[in-house]
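First up is the structure itself, then whatever we jot down about it.
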Amino acid sequence: MELTHSWSQAVPGGSLGVLAELAARYELRETRNAAAILAATAPEEFGELCAVLAAFALTTVDLIEAGGNESKLAARLNADFRSRGWREGRVDTVVRSVLQVQPWAPAGEHEVVERTDEVRNEGYKVDNVKGRVALDVEWNAKDGNLDRDIGAYRSLYDAGLIDGAVLLTRTHDDLRDLARRLSRAAGQSDEQVRSRFSTSTTTHLGKLESRMTRGDAGGCPLLAVAVSARCFVPDAGSVPAGWAGHRSDQPVLEGWSG
């Protein structure tokens with residue numbers, strides 16, 4: 001499936017224009033013009049997405065704690081959405097079968113007899129739902145979570161319950177290199193430095209993009225937003241001792257080109 005770039009056609013001042021500006025910090029991917037569709041059909045939710053992205057910043061702690069600090073960072077993003085009225089959702093499937101036994105007049109039967117059976121399958125949870133938009137945060141989880149998330153979006157869309165979905169994740173190589181530099185500057189061991197984003201089977205944009213291009217979401221418009229090294233803004237309380245690369249007007253490591 002071909003990726004689209006609807007935000008690149010944004011009119012300055014509009015909500016799509018805000019997303020286009022955010023592309024300076026985030027990597028964006030979409031199918032079926034998802035950004036334009038969400039901006040048009042869910043302007044409130046799309047505006048809140050842009051507000052959360054604009055306010056978000058990566059810190060040193062986010063990048064040098066073990067495991068990429070997936071739970072705390074994801075919880076921080078989810079809390080920002082929850083404060084704006086987004087809520088966790090779950091996709092359940094209910095199959096109801098009805099057998100109609102027809103009457104036979106010679107036996108004096110006049111009424112149809114119905115027998116019913118219902119099977120309920122509990123489905124996957126979605127981190128955030130508001131209006132007709134579903135949104136998940138997958139910072140550094142197992143990449144199989146992407147299949148679960150996209151499957152849920154496809155089911156919700158096919159059932160006519162959402163108009164599109166958003167998946168927040170991260171880039172890989174640039175964040176790995178930045179995390180290792182920060183870890184080394186913080187005096188961590190060589191083993192700790194090498195462990196930063198070293199696992200290849202966790203969620204990141206490369207894993208997500210391949211699923212998007214092969215059409216896993218079906219007809220559901222899907223917008224992917226990946227946190228990149230350009231989102232890194234060190235603060236005085238989180239800059240490692242001995243690190244001289246920070247300036248108040250320089251939000252990334254000195255010499256960092258990511």
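The values are calculated or read from the model by the stated rules, or taken from the named source; none is laboratory data. Computed from a prediction, not measured in an experiment: that's the story for all the values here. Please note: Cβ atoms are built from the backbone with ideal geometry, for glycine as well, and neighbour counts cover all protein chains shown. To get the accessible areas, we keep the full protein, side chains included, count just its heavy atoms, and leave off ligands, DNA and RNA. Shrake-Rupley method; radii C 1.70, N 1.55, O 1.52, S 1.80 Å.
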Take the residues in region 162-180 that are open to solvent by 10 Å² or more (accessible area, probe 1.4 Å) and touching a Gly at 6+ places or on another chain (Cβ under 9 Å); name whichever of them is nearest to Leu77 (Cα to Cα).
Thr171
Find all pairs meeting these conditions: Cβ atoms under 7 angstrom apart; at least six residues apart or on different chains; first residue within region 26-50 and closer than 27 Å to Ser210 by Cβ; second residue open to solvent by 10 Å² or more (accessible area, probe 1.4 Å) and aromatic (Phe, Trp, Tyr).
Leu28/Trp7; Ala35/Trp7
Which condition does Gly215 not pass, out of (1) open to solvent by 50 Å² or more (accessible area, probe 1.4 Å); (2) farther than 23 Å from Leu49 by Cα; (3) at pLDDT 95 or above, if it passes all the others?
(1)
Condition met for Ser257 (of a type in the set (Ser, Thr, Tyr), under 19 Å from the mean Cα position of the chain (by Cα) and either part of a loop (DSSP other than H, G, I, E, B) or modelled with pLDDT under 95 (or both))
no
Restricting region 139-149 to residues that are surrounded by 23 or more Cβ atoms within 10 Å (Cβ to Cβ) and touching a helix residue (DSSP H, G or I) at 6+ places or on another chain (Cβ under 8 Å), which is farthest from Glu122 (Cα to Cα)?
Trp139
Is it the case that some residue within region 9-17 is open to solvent by less than 70 Å² (accessible area, probe 1.4 Å) and in contact with a strand residue (DSSP E or B) (Cβ under 9 Å, 6 or more places away or on another chain)?
no
Could you list all residues from region 18-27 that are of a type in the set (A, V, I, L, M, F, W, C) and open to solvent by 10 Å² or more (accessible area, probe 1.4 Å)?
Val18, Ala20, Leu22, Ala23, Ala24
Specify which of the listed residues (Thr93, Thr41, Thr116, Thr59) is within 30 Å of Ser189 (Cβ to Cβ) and either open to solvent by 70 Å² or more (accessible area, probe 1.4 Å) or out of contact with any helix residue (DSSP H, G or I) (no Cβ under 6 Å at 6 or more places or on another chain) (or both).
Thr59
Of all residues being among the hydroxyl-bearing types (Ser, Thr, Tyr) and at pLDDT 95 or above in region 79-98, which is nearest to Tyr157 (Cα to Cα)? Just the residue, please.
Ser97
